[in-house]
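Here is the structure we will look at.
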Amino acid sequence: MSAHALYLHVPFCKSKCPYCDFVSFATRRDDPLMEAYINSLAFQIGEAAEAGLLEAPATAYIGGGTPSYAGESIVGLASRTASLGSLSELTLEANPESLTFDLSMMLRESGVSRLSIGVQSLDDAELSALGRAHDAKTARQALNRAVELGFDVSADLMCAIPLQTSSSWLDTLEGVLATGVSHVSVYPLMIEEGTAFARAVEAGEQVAPDDGDEALRMEEAEAVLSSYGFARYEVASYAKEGHNCLHNRAYWTGISYLGLGTGAASMFGREDFPALACAFPQLGMPPADAARIRLSCTTDRTYLAAHPALSEQSFEVEYLSLRESLAEDLMLGTRMSCGISPTLVSRARDVMGAQLDDCLSGLIADGYLVESLAPTRRGWLLGNELYGRLWELSSG
């Protein structure tokens with residue numbers, strides 16, 4: 001009855017990227033709010049552990065925002081997280097311009113085993129168009145240094161971005177792989193509501209990404225990465241053997257996870273409700289038919305920094321029935337190359353009956369899934385259609 005994965009959200013950045021809709025805020029480097037907020041997260045780890053929510057988490061992930069932007073303050077949070085003692089993987093997100101040699105060394109000593117570095121591109125013009133604070137040289141240096149220091153290193157890349165061509169995209173992929181990273185995530189640019197890019201598109205000042213370009217770039221990435229021995233294990237993630245991100249699997253496999261920090265998400269099953277109620281008494285009793293609870297922390301970063309007690313945090317709360325939980329797991333299962341597991345199909349069939357078999361047969365017939373219920377190339381490229389048809393099972 002505890003979380004198998006822990007996520008800590010650090011919402012501070014040097015600047016706000018024009019495409020970003022994450023909960024993150026441009027912050028002065030000397031703003032005392034950063035250290036106070038990070039200290040509050042460390043306090044919350046202790047409270048959650050005392051309540052029984054962190055008995056033996058297998059993985060932890062410090063994301064943002066830009067955790068590395070906080071400098072030495074983030075090292076203390078990493079050390080506190082590593083002190084849980086049960087972690088087989090501790091990831092920290094970093095941007096090249098703030099991942100200095102000294103910080104990298106301190107993070108390695110603190111217990112961080114994995115770095116996810118926001119490279120996005122190795123073309124300076126493309127980086128400028130994305131509003132990134134680093135250049136290609138700095139990105140290469142950060143990747144090389146992290147690999148040399150013994151981190152398990154992931155490079156995050158973006159495709160279908162302004163100014164990008166097939167040639168520049170291949171140069172970025174080849175340049176990143178030359179540094180020796182063991183994991184690459186590839187995300188197509190999305191125009192998210194409320195962002196500077198969305199306003200520019202609406203005003204006719206920028207062209208929205210083309211679906212055909214997005215598909216082409218993703219296929220180009222798969223070809224290059226597979227030629228270097230990387231296998232696609234999730235819709236946006238590639239890794240060398242033995243280097244899959246263990247933490248990310250929690251999000252796709254129905255494993256309970258705890259998120260701390262403003263904007264952080266949590267998910268727990270009904271068996272976890274007693275420990276959850278101990279940590280967050282403000283949630284009250286769940287509905288009788290609730291099989292799963294999803295939480296999103298809405299506490300303002302300033303309030304959280306001054307009032308770290310878990311009992312004082314605010315949330316958006318969503319309860320899912322057993323049928324909805326199973327439909328969600330089926331949907332998320334198709335994000336992974338291994339597809340939907342036979343065990344999950346058996347559990348879902350007990351609840352959904354013939355409706356499940358009709359749905360899966362239809363998805364196979366329409367070319368979204370293979371017989372083993374793994375996604376096809378069509379399933380990868382038209383994921384929203386695939387996910388939507390599986391989610392329809394939630395309503396019966």
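Please treat every number below as a calculation from the coordinates, not as lab data. Treat the numbers as computed from the prediction; the structure is a model and nothing was measured. All Cβ positions, glycine included, derive from the backbone under ideal geometry; neighbour counts span all protein chains shown.
Okay, here's what the table says:
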read-out	value
Within straight-line cross-link reach of residue 137, aspartates and glutamates at Cα separation under 13 Å, skipping those fewer than 8 residues along the same chain	97, 123, 124
Summed residue charge, Cβ within 14 Å of residue 351's Cβ, Lys/Arg positive, Asp/Glu negative	-2
Alpha-carbon centroids, the stretch 204-219 and the stretch 25-49: separation in whole Å	37
Stokes-Einstein D (µm²/s) once Rh is taken as the Kirkwood radius of the stretch 324-395 over alpha-carbon pairs, at 10 °C in 1.306 mPa s	136
Fraction of antiparallel bridges per DSSP, the chain only, in percent to nearest 5	40
For the chain, built as a Gaussian network whose Cα springs stay under 10 Å, the top-fluctuating residue of 371, 89, 126	371
Candidate values [x] 56, 50, 45; [y] 64, 52, 41; [z] 84, 51, 36, label of the one derived for Cα extents along the principal axes in Å	[x]
Selected from 142, 306, 250 as most flexible by GNM, with the chain as the system and alpha-carbon contacts under 10 Å	306
MRE, 222 nm, helices only [DSSP H, n ≥ 4, -39500 (n - 2.57), over the chain, to nearest 500]	-12500 deg cm²/dmol
Projected area averaged over orientations for the stretch 117-233, convex hull of C-alpha atoms, nm²	7.5
Cβ-placed point charges (K, R +1; D, E -1), dipole of the chain about Cα centre in debye, nearest 20	620
Among 24, 166, 113: highest mean-square fluctuation, GNM of the chain, C-alpha pairs under 10 Å	166
The chain: Cys lacking any partner C-beta under 4.7 angstrom	13, 159, 245, 278, 297, 338, 359
Value of relative contact order over the chain, rounded to a whole percent, pairs C-alpha under 8 Å and six or more apart	16
The stretch 170-275 - charge dipole about Cα centre, Lys and Arg +1 at Cβ, Asp and Glu -1, debye rounded to 20	580
Relative contact order (percent, whole number), the stretch 324-395, Cα cutoff 8 Å, 6+ residue spacing	45
